[in-house]
Amino acid sequence: MPSRRCRPLWFVWDPAGIVIACFAWIILSSLLFAVLSSISQWVGLLSLMGMTEALWFMGLFCMILWCHITVLTTNPGTVPSKLRGILPSSDEEEDVEEVEEEMPLQQYEQWEDDGSLLIYCDECEIYRPSRAMHCHTCERCIVLQDHHCPWVNNCIGIGNHKAFLLLLLYATAASLQGALLVMLQYAMCSRGKYSCGMQTDQFPGRLGGWILAAAAVFGLFCSLMLAMELFNIYQDPIFTQIASQLAARRGGDKSTSTMERHLSVVCGTDGMRASWFFPPPERRALHDATGLESGQGRTLAVPEHCMAVRLTTSNYQPHLHHLGVRFMDGKAVGTRPEDDAPVGPVKTILDENQLFDSTDTQPTDEDDDENNQELDRVKNKRLSSGATVTSTDGEERDRVRERALQDAHRLAVAQSPSTNRFRRAVTVAVPSKGLVPSTDVDQRDDDSSDDSEDTPSSLRFTRSKSWAGCPHRDAALEAIENRQVRFRFSTAASARETVREMYSHRLREFPEDVHMKASMEMQIGSVWRQMKVEVDRDGVNCQRVSLFRKKNKEFQIVKDDLLAAELEDGSKANVVVHYMLPGRGKEHKRLMRRHRTVTMRFTDEATAAKLVSSIQQFVKWMARVPVDVARRIKVVVNPHSGRRRGRKVWEHWKPLLELANVQCDVEETEYSGHARDIGAQFDLSKKYEAIVFVGGDGTVNEFMNGVFSREESVWRTLVATTPVSLICAGTDNAFGKGVGTPTHASSVYCVIKRKIRPLDVMTCQASNEDGTTRLEFACTGVSYGIGSDIAVESEATRWLGVHRYLYLKVKRGLFAPHKHEAKISYVLSDNTPVDENGEQILRTYYEMMNERAEDQHHVERCSIYDANAEPEERMWKGDAEAIFHPASEVKYAGQWESFSSEVTSVGGSNVYFETKYAHPSDGNMDLIYSRKGNVAQTAEIAVRYLSNTFLKSELVGYHKVKAMVIEPIVEDVLNVDGEVFAGPGPFRMEVVPQLLCVLSEK
């Protein structure tokens, strides 16, 4: 972005925008003339009152004009074309064009809003920061783009946002003055104090009426726009991040409020100043916040804990053609070393433009010599940004990096088995903290030579059992899982989804016969439009070609939303495509999938059948299912749960599963405890890919208790190979809300797409009167106190439906509480970080969802479709002592903490429901308790509960624990997944990490 002293004029040549901007000037000029004429007719322009009114309005008019011209002629913050330096060199442009013809580049959603990730824009053909968005009117990427405003014929971005806010502010003030002028004139003329030049009963007349109408419309519009802009600035987390960066660089923050800090980012100052009310922007601070000075984005810094690894990609797999790199410490392509230095000294700075070519699938001695020469040249090179190459380890550093380059070709996630042509090799950085002591290279080569020559290289890489033979491979996999290396053409929204994509490629290459292009008519509303449909790696793209504009996308179903396709009844040339869109909103709201269909009409039946076949193969490949294997699931329907809607719910969603070629073996529960018997007799030889329950939370609980009554080898295999899902037909859906399937649609979506993830399970033990013990297993949580009362009384209030839980909470919490006194003992988690005061640092699931995804590899390797896995590998590997002997006094001797008190509620949960910091598979249960207080304290907690701030109460405690014991003073019961778990106590509970696999999008 150019400096302010040499800032050229910026103008967008958009005919519609130019006309609207000129129309805005005409309206402003007419309003000025009308106001001055009204003042002249009323009190005269030369009078003191008239001159004051006229000068004030003229001042506002000049400020409006100044702001409007500034917004119109100021660069809104376009991404510099200097970032083209990251694109391939000129000798590779032909290859890039070849790939783009096969699959057009797209814009993908960023994972983090920290500004460190660069996203490729196919329209501008540059890399842009994650904070930038592409504007199709300006045809440029704009940093911190708010919107494109036709009234100013320009985008509103980081460069002119302040001027736009001032334009709205002064326009609102001018409109308010115009309205007040008319009302004041009417009031004074009606009293006869001044001559109005017209009859009072005819007031305000045409001129006054025009002023009043214009002032009302413009004032309302501008005030609403201003309020909306200020609200967006206040609640946008991007401004919070930039403000924190600016405060860190300046050594402190002088702002006193959140709004002032955010407005300081927009206005480009440190705190509130007089320059806030004048349009010219102060850009020094904004440039520091975005790191988009000229010449940036050309270097890749390798922190001390990282090493350089060369990834080689093939044009046969265009989804790996571009690589984007991001480090967890904020150091990435596009940032400046002097501004965002990584923790510790920088070892090496590599030029991203140094691209290597290879024509072999294995490195040769000549390649190694060339790599060594290139490394020496890069090490001694001084980059344009002024950063120099430093060394802290000397020969040790060079040895590690050279061995990394030698092993880089073993990263077969970027290697194609059908061709030896490699188009590019890009040097990226991966963490080296997990490297084991290196062994002899020849020995590693011998280990890898055991594979058959006919086996695809990607399968040889991932199916090799000598995981320690190539330590750099493990580092690369860890980098991919932790989102430190991002594949350019990967649309995975999380680290777990990235691992699932890796295993899709591991099972087999992307089916090339899926690709197809055809002409068709699509039904959009009630209109049929002539369009072209294309099925590729991204999903289904439908485009309309016009002679008067470029080829643009009209409709797209991304691959992650695609479910199934079928021929329409009565017409074999019509195809109905089924897909599910994410929910509206962020985080847990996105999990509420929405089922949609679209109808396509083809000219011939063969093309329609080809589209159906392509979509079915696509979905099957993404589900990691072999092409020649039929999918089967076990469905258990509980027709008596909840409001007895189980059978009806299943009949509604069964056709969609059948469209996805999923065979369903259905069994209905006939008596209480039947689900437990199903778990005890489940047939593993039938190789069901999942078991789906249509019922309530108690149905899953019964099944789990039946599973663990079997032999150890059987239940270890069952819980590892057969994931569980619940299509809720009960009163509440605690299981679905907790694991990430809050609606029926989201549950069916996860079944079709095979979104498997591990889930921690809590085991609960109580004593019988004869001295023996009994066990229950909780998938969502346990509770004592009000939760116990709800479990006991919920059957009597079933007629209230889901509202019975709220009714019982209010009844037993406020109006008719029972006394619950107990001793609570717990063992704190050993994998939760603590601060300097020893207090646990609690974070929500979405704040750390990509940090603990390494267990997804074990889940995928336990798949029933993996023909290379040994039977002992498809088993749960955990310790069974926590299952059958929970919360052992001997096991946790010396680690117990306890307190005795009268409590209103004690809960332990491993999923998000009312424990906001719960994680489904972090190996902990979240203990939350509330002590008994006086009337005022109880009322305070009730109010805080409604506003979701009850954790701030002094009576409430929240801890991450591994085990817990509840010893009631008086015999009481426990609520386990909504069911009554009778005493007597003590009740011993322990979390069993990753005991169960569930189908969830989380």
For region 154-171, state whether one or more residues are at pLDDT below 70 and either touching a Gly at 6+ places or on another chain (Cβ under 6 Å) or closer than 18 Å to Ala21 by Cα (or both). no
If we scan region 888-910, do we find a residue that is at pLDDT below 90 and in a helix (DSSP H, G or I)? no
Take Ser921 and tell me if it is touching a residue at least 12 places away in the same chain (Cβ under 8 Å), part of a loop (DSSP other than H, G, I, E, B) and among the polar types (S, T, N, Q). yes
Looking at region 961-1001 only, could you name the residues that are crowded, with 24+ Cβ neighbours inside 10 Å, of a type in the set (D, E, K, R) and either at pLDDT below 90 or not in a strand (DSSP E or B) (or both)? Asp977
For region 709-724, give me each residue that is surrounded by fewer than 19 Cβ atoms within 10 Å (Cβ to Cβ) and either outside the structural domain of Lys753 (by TED's automatic domain parsing) or assigned to a loop (DSSP other than H, G, I, E, B) (or both). Ser709, Arg710, Glu711
Mind telling me which of the residues Gly813, Gly771 ends up being at pLDDT below 85 and in a loop (DSSP other than H, G, I, E, B)? Gly771
Filter result for Asp569 (within 26 Å of Val751 (Cβ to Cβ) and surrounded by fewer than 16 Cβ atoms within 10 Å (Cβ to Cβ)): yes
Residue match in region 966-988 (condition: in the same structural domain as Gln856 (by TED's automatic domain parsing) and within 20 Å of Asp830 (Cα to Cα)): yes
Is there a residue in region 250-267 that is at pLDDT below 65, within 31 Å of the chain's Cα centre (by Cα), of a type outside the set (Asp, Glu) and buried (at least 17 other Cβ atoms within 10 Å of the Cβ)? yes
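Quickly run through region 730-774 and pick out the residues that are among the charged types (D, E, K, R) and closer than 27 Å to Gly907 by Cα.
Asp732, Lys737, Arg757, Asp760, Glu769, Arg774
Every residue, every condition in (1) among the small types (Gly, Ala, Ser); (2) closer than 30 Å to Ser930 by Cβ; (3) surrounded by 14 or more Cβ atoms within 10 Å (Cβ to Cβ); (4) without any contact (Cβ under 8 Å) to a residue 12 or more places away in the chain, yes or no:
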site: His857; (1), (2), (3), (4): no, no, yes, no
site: Glu860; (1), (2), (3), (4): no, no, yes, no
site: Ile864; (1), (2), (3), (4): no, no, yes, no
site: Asn868; (1), (2), (3), (4): no, no, no, no
site: Glu873; (1), (2), (3), (4): no, no, yes, no
site: Phe884; (1), (2), (3), (4): no, no, no, no
site: Trp896; (1), (2), (3), (4): no, yes, yes, no
site: Thr904; (1), (2), (3), (4): no, yes, yes, no
Only one of these conditions is not met by Glu914: (1) outside any loop (DSSP other than H, G, I, E, B); (2) of a type in the set (D, E, K, R); (3) closer than 25 Å to Ala778 by Cβ; (4) without any contact (Cβ under 8 Å) to a residue 24 or more places away in the chain. Which number is it? (1)
When the residues of region 816-835 are filtered to those that are outside any strand (DSSP E or B) and more than 28 Å from the chain's Cα centre (by Cα), which remaining residue is nearest to Leu927 (Cα to Cα)? His820
Residues that are closer than 17 Å to Glu711 by Cβ and either in contact with a strand residue (DSSP E or B) (Cβ under 9 Å, 6 or more places away or on another chain) or buried (at least 19 other Cβ atoms within 10 Å of the Cβ) (or both), drawn from region 667-682: Arg676, Ile678, Gly679, Phe682
Looking only at region 778-794, decide whether some residue is without any contact (Cβ under 8 Å) to a residue 24 or more places away in the chain, more than 29 Å from Ala853 (Cα to Cα) and in the same structural domain as Tyr865 (by TED's automatic domain parsing). yes
Which of the residues belonging to region 978-999 are under 13 Å from Phe735 (Cα atoms) and in contact with a Cys (Cβ under 6 Å, 6 or more places away or on another chain)? Leu999
Residue under question is Gly271, and the condition is that it be among the small types (Gly, Ala, Ser), modelled with pLDDT under 75 and over 21 Å from Leu169 (Cβ atoms); does it hold? no
Just one of the numbered conditions (1) of a type in the set (Asp, Glu); (2) more than 21 Å from Ile824 (Cα to Cα); (3) out of contact with any helix residue (DSSP H, G or I) (no Cβ under 6 Å at 6 or more places or on another chain) is not true of Glu914; which one? (2)
Selection count, region 725-768, where residues are in a helix (DSSP H, G or I) and touching a residue at least 60 places away in the same chain (Cβ under 8 Å): 15
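Rundown of residues vs (1) part of a helix (DSSP H, G or I); (2) within 32 Å of the chain's Cα centre (by Cα), yes/no style:
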position	(1), (2)
Thr797	yes, no
Arg804	yes, no
Leu808	yes, no
Arg843	no, yes
Ala853	no, yes
Trp876	no, yes
Pro886	no, no
Evaluate the following for Arg594: is it under 31 Å from the mean Cα position of the chain (by Cα) and either modelled with pLDDT of 90 or more or surrounded by 15 or more Cβ atoms within 10 Å (Cβ to Cβ) (or both)? yes
Meets criteria (in contact (Cβ under 8 Å) with a residue 40 or more places away in the chain, over 30 Å from Val707 (Cβ atoms) and of a type in the set (Asp, Glu)) for Glu836: no
Any residue in region 576-588 that is within 26 Å of the chain's Cα centre (by Cα), surrounded by 15 or more Cβ atoms within 10 Å (Cβ to Cβ) and part of a loop (DSSP other than H, G, I, E, B)? yes
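What residue, among those in region 704-757 that are of a type in the set (Phe, Trp, Tyr) and farther than 19 Å from Leu591 by Cα, is modelled with the lowest pLDDT? Explain how you work it out, then say what you get.
So the first thing to find is which residues in region 704-757 are of a type in the set (Phe, Trp, Tyr), and the list is 708, 715, 735, 749.
Remaining after also requiring farther than 19 Å from Leu591 by Cα: 708, 715.
Working: Phe708: 88, Trp715: 91.
Going through the qualifying residues, I end up with Phe708.
The values are calculated or read from the model by the stated rules, or taken from the named source; none is laboratory data. Quick caveat: nothing in here was measured; it's all calculated off a predicted structure. Note that each Cβ is placed from the backbone with ideal geometry, even for glycine, and that neighbours are counted across all protein chains shown.
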